[in-house]
Amino acid sequence: MNNKTILEEIIITDEDINWVESILIGIKFDECRREIIKNLDSVDIQACPGTGKTTVLIAKLAILAKKWPFQYSGICVLSHTNVAREEIQNRIGETDIGRKLLSYPHFIGTFHSFFDRFVGMPWIKSQSIPVRIVDSDYVLSKRWNQISPSSKYFLKKKYLNEACCEPISLPLKFDLKCKETSSTYKDVEKVVMKSHEMGYYTFDEMILFAKEAIDSSKNIQLSSQKRFPFLFIDEAQDTNRDQWNLIGKLFIDNGYTHIRQSYGDSNQAIYNSYNSNDESMSFPRDEALSIQNSKRFGGSIASIANKLAINSNHMAGDESRFEYMKNCNTIFLFEEDTIGNVIPAYARLILESFTEKDLLDYEYFGCHVVGMVHTNTNQEAYEFAKRVSNYWEPYNPEYTNEKPKSLIDYFHLGKSKYEKSKDVSILAEWISKGILRYLVMFTSLEYSNSNHAFRTLINIFPTDQQINVRRDIREILFEDISTPKKWERVLLKIRTLLDNYIEIDNVSSNFFKWKENVFESIYNNAKEIGPNTCFYVDKESGNSLKLNFGSIHSVKGRTHLATLILETKWHEANIKSILPWFTGNIGNYGKRNSIRLKCHYVALTRAKGLICIALPKEYVSDTIKGLLAENGWNIKEV
């Protein structure tokens, strides 16, 4: 009896769903979601924002894990982030079924980690190619610093940065906006070849090796399909064409792969083009199932956001908690000399609209300010309403990148995240990443990279010493690093721990220096852990409110209490370009406007209670004001 025959005998019943509700505390599935959990066909699920699609997927996975009949074949879940894995850890990680789901033979992780672990890395090793580290940020930065000044000058003039040191295909080919015979091209090629000889690779290079492996060996396809007969893809709308092609080649339905289900929302495809030339590789496929009732917000927000939806699957808002605020959704109109009034006006509206209990009960979700464009490019001159920092000057887009430059940055970032989540594993991951980078920079150590930095770090040490190493690292996690002297003591502990097992160069480097926490900002006489956060204090009432700033991309997948969306500029003014849709009409579709619609659809669907927009007054005529009011907006000049 083959895998497919055995898998066809698995049936999910209402009793199974009742059981999984008992371990997913506070979750009750309606009939629509129950039918999707029961469905074990190869089908896609188109799910609107706030529908709990990841929870539906987790419920199905838990039931399947409970019924799983194989010892060496498992369930594979792929996504672009580790949200699904983190949700499983948070919801059922302490249960027997959660631990079973998170361990062999199952795999739940990112596309990159899957192709690295199961395809690219085995292929590279089979070719006797050295692999020392796989880390895009570190490797690209190292390559960029090794390029000659003249080549770097040319590349910068072409608006290229360190990302250009990553090949676009194998054998090595680069997109450098110059001829392959040029000195710049040869310089970059030489640097990357040397990087490969040393065993330094980026995550995307592992994808290239995975493609080479799949094209070269049918055995990889057969073994992968037998190893993972169930394949689930979360956030499928963000899967790019190359990834779809790799999935299609690796998981051909030839009798082993029984199910391939993809979960996502094509209206939220803001990272990659989700449509492939091959329709079988696109999302959603024909006859997809859908979840259209959002549990995040009510009908007023759903009605506004639906107007920006590219596909025809319009959602309903089932959350009635804040529907009394449906007339509060506001567009703030400002002029160049009043742009500074936007943030205070938004903060006052929040304080006036929500009760103190609401703000306390939903403090975890927070009140946010976002824009489609938030970075400076080439230090160009100031331009009115172009990016987030035009509205709040202290905003620093570099904080959102979370790219630590020194060892203490890893500690600061880990501790900041721990303060918010109280999850020790997050703190351990960031500090382990820093120590691993330390080892890569100052030792000749070779180690097997895994999806988890803490696990990778522990596995470097001898098996009989790993319990002691775990204990020592846990002690380091909570050390005080607030002064240079205290940081020196922590450094000594790290060096002592490593020196017992690993030969480390005794070097002096800026990587080890103490510095203040760049992820902790002080603005308006208020100190708040976390980047790009400020307090607004109402002078009349004395009430205060924390506001979090970021890009639209940075809040995808998040839930807010309130969201303010700022007008920004990408080629043209973004919200101005799609204003016809806000008024209930259809504007001029095109590549840029399609991207704008998806981005602002994502932004409009984060909040549970209140959505606002900031627009220059000159963009909105009296006629447009009337149409916006008819479509659910309150208009206010600041």
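The values are calculated or read from the model by the stated rules, or taken from the named source; none is laboratory data. Just so it is clear, the structure is predicted and the values come from calculations on it, not from any experiment. Positions of Cβ are backbone-derived with ideal geometry, glycine not excepted, and every protein chain shown enters the neighbour counts.
Taking the range 551-562 as the range and being modelled with pLDDT of 90 or more and not polar (S, T, N, Q) as the test, the residues that pass are Ile552, His560, Leu561, Ala562.
Residue selection: Phe332 fails the criterion of being touching a residue at least 12 places away in the same chain (Cβ under 8 Å) and out of contact with any Cys (no Cβ under 8 Å at 6 or more places or on another chain). Give me the residue from the range 94-131 that is crowded, with 16+ Cβ neighbours inside 10 Å and assigned to a loop (DSSP other than H, G, I, E, B) and, out of that set, modelled with the highest pLDDT. The selected residue is His106. Suppose we keep only residues that are in contact with a Ser or Thr (Cβ under 9 Å, 6 or more places away or on another chain) and assigned to a helix (DSSP H, G or I) within the range 390-406. Which one would you say is modelled with the highest pLDDT? Applying the filter and picking the extreme gives Asn390. Flag set for His374, criterion: under 26 Å from the mean Cα position of the chain (by Cα), crowded, with 21+ Cβ neighbours inside 10 Å, part of a loop (DSSP other than H, G, I, E, B) and of a type outside the set (D, E, K, R).
Listed here are the residues, each with its yes/no results for (1) touching a residue at least 60 places away in the same chain (Cβ under 8 Å); (2) surrounded by 12 or more Cβ atoms within 10 Å (Cβ to Cβ); (3) closer than 17 Å to Arg132 by Cβ.
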residue: Arg143; (1), (2), (3): no, yes, yes
residue: Tyr159; (1), (2), (3): yes, no, no
residue: Ala163; (1), (2), (3): no, yes, no
residue: Pro171; (1), (2), (3): no, no, no
residue: Tyr185; (1), (2), (3): no, yes, no
residue: Val191; (1), (2), (3): no, yes, yes
residue: Lys194; (1), (2), (3): no, yes, yes
residue: Gly199; (1), (2), (3): yes, yes, yes
residue: Met206; (1), (2), (3): yes, yes, yes
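With respect to Leu604, is the statement that it is farther than 14 Å from Phe332 by Cβ, at pLDDT 95 or above and of a type outside the set (S, T, N, Q) true? So Leu604 fits the description; yes. Can you pull out every residue in the range 22-55 that is under 15 Å from Lys295 (Cα atoms), free of Cβ contacts under 8 Å to residues at least 40 places away in the same chain and β-branched (Val, Ile, Thr)? Scanning the range 22-55 gives Ile27, Thr55. Just one residue in the set Lys576, Lys598, Lys546 is within 23 Å of Glu336 (Cα to Cα) and within 30 Å of the chain's Cα centre (by Cα); that residue is Lys576. Within the range 346-370, the residues that satisfy the criterion of being in a helix (DSSP H, G or I) and of a type in the set (Gly, Ala, Ser) are Ala347, Ser353. Every listed requirement among (1) over 19 Å from Lys417 (Cα atoms); (2) at pLDDT below 85; (3) within 33 Å of the chain's Cα centre (by Cα) is met by Gly530 save one, (1). Answer with yes or no whether Tyr589 is surrounded by 18 or more Cβ atoms within 10 Å (Cβ to Cβ) and aromatic (Phe, Trp, Tyr). Against the criterion (surrounded by 18 or more Cβ atoms within 10 Å (Cβ to Cβ) and aromatic (Phe, Trp, Tyr)), Tyr589 does not qualify. Just checking, how many residues over the range 42-85 are part of a helix (DSSP H, G or I), touching a Gly at 6+ places or on another chain (Cβ under 9 Å) and surrounded by fewer than 18 Cβ atoms within 10 Å (Cβ to Cβ)? The total comes to 1.
Regarding the range 262-271, can at least one residue be identified that is farther than 15 Å from Val602 by Cα, surrounded by 20 or more Cβ atoms within 10 Å (Cβ to Cβ) and either at pLDDT below 90 or in the same structural domain as His600 (by TED's automatic domain parsing) (or both)?
no
Anything in the range 284-310 that is of a type in the set (Lys, Arg) and either out of contact with any Asp or Glu (no Cβ under 9 Å at 6 or more places or on another chain) or within 15 Å of Arg606 (Cβ to Cβ) (or both)? List them, or say none. Quick ask: steps written out before the conclusion?
Kept after step one, since they are of a type in the set (Lys, Arg), are these residues of the range 284-310: 285, 295-296, 307.
Passing the criteria: Lys295, Arg296, Lys307.
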